[in-house]
Amino acid sequence: MSNDIAKSAAYQGPQRVFSGVQPTGSLHLGNYLGALKKFVDLQDDHDCLYCIVDLHAVTIWQDPKELAQQTRHIAAAFLASGVDPKKAVVYAQSGVRAHTELAWYFNCVARIGWLNRMTQFKDKAGKSSEKMSVGLYDYPVLQAADILAFKATHVPVGEDQKQHLELSRDIAAKFNHDFNAPNFFPLPEPLIKGPGARIMSLRDGRKKMSKSDPSDMSRINLTDDADMMAKKIRKAKTDALPFPENEHGLEERPEVTNLIGIYAALSGMTDAQVISQYAGGQFGPFKSELADLAVAKLSPITDLMSRYLADPAEIDHILGAAADKAAEISEPILAQTRDIMGFWRRGL
Ligand code: TYM
């Protein structure tokens, strides 16, 4: 992915990158390639905030005894992947009040019809939407508040977040319009393109790799040891045909497309280069080299994660300092928002 990010013509404020990851279970290869790797690529040249979104996590039941530890776990994954707290602000969402406050204001801007169209809610709720929390339904509004509390202009995410990002743009535009505040909030741009934007399940190439898939064999977790990673890749579903000769040979072969995409994303090659390297061969040797590659790229992260987790006080120190920094950035934006909306304040 190029580190150059396009500037919106109308919005004149500073360019800022924001993204979030939920502290629900262990991160997997999709999270790493779709998000964390991009976080690292962007931090050298941009003003970046990376948030552990624990308020989003509790839209589905989380054991209170485990939530804080899960938050540290994601912080450790960020750090182990190369996110540098000296360059980027890494903090927990619940520690910065702007998120919840702005979410309420945006609840009064977003329309019910907009939320009714959100496919992620439909996927998560299935047939039991009546039994889901109101928070799960409102999830994308909180996400818009996350981004706009910092007037972030760019949001690195995987492809599954595209619709939520469109909603954030709609909320920003409607707020600016309704309160006659042209370009007050930027219309945030998703940064999705690039290899790894949509990593699929190792068991079913039509389903995305997901923390919530009941089969652990469907994903490579950042906490898996080398043997487990290799086993999962060896057992990954393919089909009866040989390795494709060219990109046309990927049609209707979602599992093969996915494995080649993973190889390309991990090695920095294009899909076409991977195909030409293994063209017409068997899957055995390809899978074994893919397993070596995955282990070479991910094991150092797994090891570093354990080292960070062995020192929770250091993680807490990083999260605490960053929460202060995030509050420093968001408070003036919140104050301006309140003024624009006409709320009473002392000395008005
Ligand atoms: P979460 O925690 O589900 O996922 C974290 C990031 O990982 C990406 N991702 C994937 N990328 C490629 N292939 C996959 N199979 C895959 N699975 C997950 C996600 O796209 C995401 O970038 N709603 C967000 C969290 C959030 C957020 C925000 C993101 C809350 N507020 C503000 C950006 C900006 C989410 O569900 O993340």
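Between LYS131 and ALA226, with labels modelled 7 Å along Cα→Cβ, what's the label distance in nm to one decimal, could you check?
Once both label points are built, they end up 4.5 nm from each other.
Quick one: which residues, 5 or more positions from HIS28 or on another chain, have an amide H under 5 Å from its amide H? H modelled 1.01 Å from N in the peptide plane, none for Pro or chain starts.
Distant-sequence amide H within range of HIS28: LEU222.
For labels at ARG345 and ASP45 in the simple 7 Å Cα→Cβ model, what's the distance in nm?
3.6 nm
Rounded to whole Å, give me the distance from the Cα center of the stretch 232-257 to that of the stretch 320-340.
Taking the Cα centre of each part, the stretch 232-257 and the stretch 320-340 sit 49 Å apart.
Show me the chymotrypsin sites (Phe, Trp or Tyr not before Pro) within the stretch 252-348 that DSSP assigns to loop and that have at most 15 other Cβ atoms within 10 Å of their Cβ.
Of the chymotrypsin sites (Phe, Trp or Tyr not before Pro), the ones in loops of the stretch 252-348 whose Cβ has at most 15 other Cβ atoms within 10 Å are PHE343, TRP344.
Need one word for the stretch 186-285: rounded, prolate or oblate. Basis is the Cα gyration tensor (sqrt eigenvalues a ≥ b ≥ c); a/c below 1.5 gives rounded, then a/b vs b/c decides.
Since a/c reaches 1.5 but b/c is at least a/b, the shape of the stretch 186-285 is classed as oblate.
According to the square roots a ≥ b ≥ c of the eigenvalues of the Cα gyration tensor, what is the shape class of the stretch 125-260, taking rounded for a/c under 1.5, prolate for a/b larger than b/c otherwise, and oblate for the remainder?
prolate
Can you compute 3J(HN,Hα) from phi for each residue in the stretch 200-208, using the Karplus curve 6.51 cos²θ - 1.76 cosθ + 1.60 with θ = phi - 60°, rounded to whole Hz and x for Gly and Pro?
Karplus-based 3J(HN,Hα) across the stretch 200-208 equals 9, 4, 6, 9, 8, x, 9, 10, 6 Hz.
For the chain, state the semi-axes of the equivalent ellipsoid (square roots of 5 times the eigenvalues of the alpha-carbon gyration tensor), sorted largest first and rounded to whole angstrom. Each step should come with its number before you reach the end.
Numbers: eigenvalues 268, 96, 77 Å².
Largest first, the chain gives 37, 22, 20 Å.
Using the Karplus curve 6.51 cos²θ - 1.76 cosθ + 1.60 with θ = phi - 60°, work out ³J(HN,Hα) for each residue of the stretch 31-38 in order, rounded to whole Hz, and write x for Gly and Pro.
4, 5, 6, x, 10, 4, 5, 5
Could you give the length gained by full extension between TRP61 and ALA321, i.e. 0.36 nm per residue of separation minus their alpha carbon distance, to one decimal place?
That works out to 90.8 nm of additional length.
Quick check: convex hull of the Cα atoms in the stretch 46-133, volume per residue, rounded to a whole Å³?
Cα-based convex hull of the stretch 46-133, divided per residue, equals 149 Å³.
Quick query: amide H of SER201 versus all other amide H atoms, modeled in the peptide plane; which residues come in under 5 Å with a sequence gap of 5 or more or a different chain?
Correct list: LYS207, LYS208, MET209.
Is there a pair in LYS86/LYS297; LYS207/LYS325; LYS65/LYS193; LYS7/LYS174; LYS127/LYS232; LYS208/LYS231 whose C-alpha atoms are over 29 Å apart, and which pairs would that be?
LYS207/LYS325; LYS65/LYS193; LYS127/LYS232
Using the Karplus equation 6.51 cos²θ - 1.76 cosθ + 1.60 (θ = phi - 60°), what ³J(HN,Hα) coupling, rounded to whole Hz, does each residue of the stretch 233-246 give in order, writing x for Gly and Pro?
Ordered by residue, 3J(HN,Hα) equals 6, 4, 8, 4, 5, 10, 9, 7, 7, x, 4, x, 8, 7 Hz.
Say each of ALA335 and SER215 gets a label point 7 Å from the Cα, pointing the same way as Cα to Cβ; how far apart are those two points in nm?
5.5 nm
Under the rule of at least 5 residues apart or a separate chain, name every residue whose amide H is placed under 5 Å from the amide H of GLY20.
CYS51
Any read-out appearing in this document is the output of simple, stated calculations on the displayed coordinates, not a laboratory observation. If you're wondering where the values come from, they're calculated on a predicted model, not measured in any experiment. Note that we place each Cβ from the backbone using ideal geometry, even for glycine, and neighbour counts take in every protein chain shown.
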